Each structure stands twice: as C-alpha cells, then as structure tokens.
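To start, the structure under review is shown below, and the notes come after it.
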C-alpha cells in the first residue's frame, strides 16, 4: 500500500490548518486506498484567532493538540516524520503554515521555517518522492527549495506569488479547479482557498493534486 505523510498546522484557517482543505485531502487519499499518517509539530501556536469575530484571543494552544481535532486523535509529532518511511507528502494550507510552520505571514521571502518542517520537504524532494502542496503551502515550499526553479501555484495573488519568484522558483497562475504539475521536481500544487471560490471548485483542485501525487507514487512502487 502507498504510504503517505500529511502535515497539519493546527485547526482553523486563520491560525492553523484549513479544515476543508485538510478533510478533502484526507478523503481523496482514502479514496485512492493509501495508508495515511498525520503529523503536526508539538509547539504552541503563533497566536489564537476567534473564527467568528476574526479577532485575536489571548490564550495559548498547541499545534499538535489542535491538529488532532482534524486527525481524530490519530496523529504523531512532526519530529518523528522520516521521509524514508513514506512514498509521498501532502501539506494542506491555512495560515498555520505561514504562522506556525514558518513566519511567512510576517517576513515574506525572508521567512524562516520550522526546522522539522523544512527538513521534511527537503528530504522528500531530495528522494524524488512526490509532494502535494495546497493553498499557501507552495510559497513556503519555495523557501525550502530555493533556486530549484520549481513550478508552483498559489492561484493569482500577486504579493504571495512574488515570494515564489524572488527565491528562485516559478509561479504559474491557475484557477481553483486546476493543478500545476512540475514533473521534474515531482510537485503538484493548487490554489485552494488562496482564491475565493465555491468549495466544489476548490475540491476539484485538491483532488487533482492528490491524483497526480498518488499516481506517481504508485508508479514508483
């Protein structure tokens, strides 16, 4: 069976993993009969946002504990992730990727990445194992793969696309239902909620990412 690692960054699009993107990715992975292991870092969130008011709440939450809500408690510490044990990597988006797994939200192209997160992306890429990057994730992935020329999409947001190009990768504008497949680097990406669209259109893009990644992973087994 194809072994897939999924990295989450909390629970809730404003301060963690985007829930719809995460659930859709897990659904499509299940439909492809893969064995999924979910990971998240055992660290405190950058901050906590009330998703009703969209205002900061002054409390502390843990990324691993919050991610366990989506994973239904079946989750491991990101520090335990070893690329050798898996055939592919999937990373849903949400601001947690840009706030908890990195500081992209505040530092743009000069952002630093959580070491365990950076190492996971670098090692999967080095082993030529396919990576699926959803929503804001391609921008963070470009920071890990600087000057690789990797072709990625975050949709059509100019400021975020600029981060990708300024670190030596290539941004490709794409609609919600589209996937950008970089055959050389074995990366599939889609915009998801980087574009405001119907969930049905966003689901098409995520499904295309999963299908590209799993098709390649299965062909290599």
Query - For the stretch 35-105, diffusion coefficient by Stokes-Einstein and Kirkwood Rh (Cα), 20 °C, 1.002 mPa s, µm²/s - result: 161 µm²/s
Query raised in the report: Under the classification rounded if a/c is under 1.5, otherwise prolate if a/b is larger than b/c and oblate if not, where does the chain fall, given a ≥ b ≥ c as square roots of the Cα gyration tensor eigenvalues?
Result: rounded
Report summary line: Rounded to the nearest 5, the percent of DSSP beta bridges in the chain running antiparallel is 30 percent
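What percent do you get for the relative contact order of the stretch 1-84 when only Cα pairs under 8 Å and 6+ apart count?
Averaging sequence separation for qualifying contacts and normalising by length gives 34 percent for the stretch 1-84.
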Query raised in the report: How would you rank 101-109, 84-92, highest first, on the average number of other Cβ atoms within 10 Å across their residues?
Result: 84-92, 101-109
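Rounded to the nearest 0.05, what FRET efficiency is calculated for residue 56 and residue 165 with R0 set to 25 Å and r the Cβ-Cβ distance? Let's see the in-between values first.
Numbers: r = 31 Å, r/R0 = 1.24.
Calculated value: 0.20.
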Query - Mean separation of Cα contacts under 8 Å, 6 or more apart, over the residue count of the chain: relative contact order % - result: 20 percent
Query - CD proxy at 222 nm, helix term only [per DSSP H run n ≥ 4: -39500 (n - 2.57); per residue of the chain; nearest 500] - result: -11000 deg cm²/dmol
Query raised in the report: Relative to the present Cα-Cα distance, how much length would full extension add between residue 122 and residue 82 at 0.36 nm per residue of separation?
Result: 13.3 nm
Query - the stretch 67-193 shape via C-alpha gyration tensor axes, a/c threshold 1.5 - result: rounded
Query raised in the report: Is the stretch 128-167 best put as rounded, prolate or oblate by its Cα gyration tensor, with a ≥ b ≥ c the root eigenvalues, rounded for a/c under 1.5, and otherwise prolate when a/b is larger than b/c, oblate when not?
Result: oblate
Query raised in the report: How would you rank 131-141, 17-27, 147-157, highest first, on the average number of other Cβ atoms within 10 Å across their residues?
Result: 131-141, 17-27, 147-157
Requested in this report: Please work out how much length the chain gains when fully extended from residue 200 to residue 157, using 0.36 nm per residue of separation minus the C-alpha to C-alpha distance, in nm with one decimal.
Outcome: 13.4 nm
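Read-outs throughout are calculated quantities, based only on the coordinates presented, and are distinct from any laboratory measurement. The model shown is predicted, which means the values in this text are computed figures rather than measured ones. FYI the Cβ positions are ideal-geometry reconstructions off the backbone, even for glycines, and counts take in every protein chain you see.
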